[in-house]
Amino acid sequence: QVQLVESGGGLVQPGGSLRLSCAASVSIFSINTMGWYRQAPGKQRELVATVTIGGSRNYADSVKGRFTISIDNAKNTVYLQMDRLKPEDTAVYYCHAVIRGHDYWGQGTQVTVSS
């Protein structure tokens, strides 16, 4: 049973930072791609950032230059460092992984950017 366990969400003021973590229950080397998606109220889920096991990174235009995705192979964990947060970044953030051709999702973690 593959599990993705997220942590690190919360409330932050505009301009602040948060780091999200997603720990996979399988070896990172069995994973093709990991990433983060988000869904704001009344909106569709959208891609935030992805990283392949080979290290290729992809970011949504709205977060380029502010968010950084990284992988710690030893901990089977992917991180999303979010800097210069804006109110429009408020959403539930979901970890996603493609493992042996199958999609897996975390339970989601709330990020709220507000003064």
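Surface composition of the range 51-115: carbon and sulfur make up 46 percent of the accessible area, probe 1.4 Å. Counting only protein chain heavy atoms and rolling a 1.4 Å probe, the accessible areas of W105, W36 rank, largest first, as W105, W36.
Full extension of the segment from K75 to Q1, taken as 0.36 nm per residue of separation minus the current Cα-Cα distance, would add 24.9 nm.
Computed with a 1.4 Å probe on the full set of protein chains, the accessible area for R19 sits at about 130 Å². For the residues F67, F29, a 1.4 Å probe over the protein chains yields an accessible-area ranking, largest first, of F29, F67. Based on protein heavy atoms only, the chain ends up with 52 Å² per residue of surface accessible to a 1.4 Å probe.
Computed over the chain, relative contact order equals 37 percent, with contacts defined as Cα pairs under 8 Å that lie 6+ residues apart.
A straight chain from S56 to T112 at 0.36 nm per residue would run longer than the Cα-Cα distance by 17.3 nm.
The values are calculated or read from the model by the stated rules, or taken from the named source; none is laboratory data. Because the structure is a prediction, the values reported are computed rather than measured. These accessible areas exclude ligands, DNA and RNA; they are computed on the full protein's heavy atoms, side chains included. Shrake-Rupley method; radii C 1.70, N 1.55, O 1.52, S 1.80 Å.
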